[in-house]
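Chemist: Have a look at the structure that comes next, please.
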Amino acid sequence: PLLGSCRTALESPVTRRELYTQTIAQAFVSGNVFELPAGPVPIVLGAEHREFDYSLRFLSTPGPFSGFTVGDPEAGSSSFNDIFAETLIPVVRDKPFFNSFEIGLGARYSWARFGNELTGQHTETRGSATYKAELNWEVMDWARVRASFQRAVREPNFQELFVGTASAPQ
């Protein structure tokens, strides 16, 4: 009983509230643009907008160990505006050792902006390009060869951009 009373007296409850908000809108058009001997050539053209907001607040009640495991608030936002295009070109179909041979191409350009909502600091809008080229060769029903080359870009996440400080007992 005495150990339980000591633990209760020393405990300092810490609660936190994390909130993520995401807004995504996308519009695209797709269809076949022309016909090749191996089949139609489809294309997709589109635009996308993504917004993310993040906040973290510690909602601690001060206690005997106030200051431990309590962190600074964090709040940030990011927004992306993209345009993209993709196609799949059928080169050969239904020939010996070429059940199908296709080339896939795609590209995306993205404009990104980040903000620290606690300090009011925001980055300048910056752009980046990504692309891909893929080969898909179905030799016969049971054999397929695939290869791709691509450039991908990853923007930082909220933890990498806006992490505050927290203290914890050693």
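Chemist: Can you pull out the residues in the range 68-87 that are open to solvent by 40 Å² or more (accessible area, probe 1.4 Å) and modelled with pLDDT under 95? First the steps, then the outcome.
Modeler: Going through the range 68-87, the residues open to solvent by 40 Å² or more (accessible area, probe 1.4 Å) turn out to be 68-70, 72-73, 81, 83, 86.
Passing the criteria: Phe68, Thr69, Val70, Asp72, Pro73.
Chemist: Let me ask something else about it. Pick out the one residue from Phe28, Phe34, Phe65, Phe101 that is aromatic (Phe, Trp, Tyr), over 18 Å from the mean Cα position of the chain (by Cα) and either at pLDDT below 90 or assigned to a loop (DSSP other than H, G, I, E, B) (or both).
Modeler: Working: Phe28 fails: either at pLDDT below 90 or assigned to a loop (DSSP other than H, G, I, E, B) (or both); Phe34 fails: either at pLDDT below 90 or assigned to a loop (DSSP other than H, G, I, E, B) (or both); Phe101 fails: either at pLDDT below 90 or assigned to a loop (DSSP other than H, G, I, E, B) (or both).
When all the criteria are applied, what remains is Phe65.
Chemist: Report the residue count in the range 88-112 for those that are closer than 30 Å to Thr125 by Cα and open to solvent by 50 Å² or more (accessible area, probe 1.4 Å).
Modeler: 5
Chemist: Any chance the range 116-128 includes a residue that's open to solvent by less than 70 Å² (accessible area, probe 1.4 Å) and touching a residue at least 60 places away in the same chain (Cβ under 8 Å)? Break it down stepwise before answering.
Modeler: Filtering the range 116-128 down to residues open to solvent by less than 70 Å² (accessible area, probe 1.4 Å) leaves 116, 120, 123, 127-128.
Imposing the further condition that a residue be touching a residue at least 60 places away in the same chain (Cβ under 8 Å) reduces the set to none.
Looking through the range 116-128, none of the residues is open to solvent by less than 70 Å² (accessible area, probe 1.4 Å) and touching a residue at least 60 places away in the same chain (Cβ under 8 Å).
The values are calculated or read from the model by the stated rules, or taken from the named source; none is laboratory data. It should be emphasised that the depicted structure is a prediction, and the values quoted were computed from it without experimental measurement. Backbone-built Cβ (ideal geometry, glycine too); neighbour counts: all protein chains shown. In case anyone asks, the SASA skips ligands and DNA or RNA and just uses the protein heavy atoms, side chains included. Shrake-Rupley method; radii C 1.70, N 1.55, O 1.52, S 1.80 Å.
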